[in-house]
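Student: One structure coming up, written as structure tokens, with questions to follow.
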């Protein structure tokens, strides 16, 4: 019985270690635009690249983002 269980464990080990996943690198990003946050007055830390605002519950605030088209073609973005 011990030999049988060792054989099974050995086969499972070889099976799991023998299966490899092929991984391919993705091509460079083709994004032709950048988005830059314009910090609000109540931004907690202006060094962060995302909005971290100090607001009260239920308060609404408009935020601003600067979009830059780096390509020579016109693009359409949804914000």
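Student: Only helical DSSP H runs with n ≥ 4 go in: add -39500 (n - 2.57) per run for the chain, normalise by residue count and round the 222 nm mean residue ellipticity to 500 deg cm²/dmol.
Tutor: Per the formula, -7000 deg cm²/dmol.
Student: Starting from 0.36 nm per residue, how many nanometres of slack lie between residue 11 and residue 56 once their C-alpha separation is accounted for?
Tutor: Length gained between residue 11 and residue 56: 10.1 nm.
Student: Please identify, among 25, 35, 64, the residue showing maximal mean-square fluctuation in a Gaussian network model of the chain using a 10 angstrom Cα cutoff.
Tutor: Fluctuation is largest for 25.
Student: Hey, in the GNM for the chain with a 10 angstrom Cα cutoff, which one of 34, 22, 56 fluctuates hardest?
Tutor: 22
Student: Along the Cα→Cβ direction, 7 angstrom out, place labels at residue 49 and residue 23. What is the inter-label distance in nm?
Tutor: Here the answer is 2.2 nm between the modelled labels.
Student: Turning to a different aspect of this structure: If you wrap a convex hull around the Cα atoms of the chain, how much volume per residue is inside, in Å³?
Tutor: Per residue, the Cα convex hull of the chain comes to 270 Å³.
Student: With axes computed from alpha carbons, what is the tilt in degrees of helix 2-18 against the longest principal axis of the chain, rounded to the nearest 10 within 0 to 90?
Tutor: Here the helix axis deviates by roughly 40 degrees.
Student: Considering the chain as a Gaussian network with a 10 Å cut-off on Cα pairs, which listed residue, 31, 53, 13, attains the greatest mean-square fluctuation?
Tutor: 13
Just so you know, all these numbers are worked out from the coordinates, no wet-lab data involved. Note that the coordinates shown come from a computational prediction; the quantities given were computed from them, not determined experimentally. Methodologically, a virtual Cβ is constructed for each residue, glycine included, from the backbone with ideal geometry; neighbour enumeration extends over all protein chains shown.
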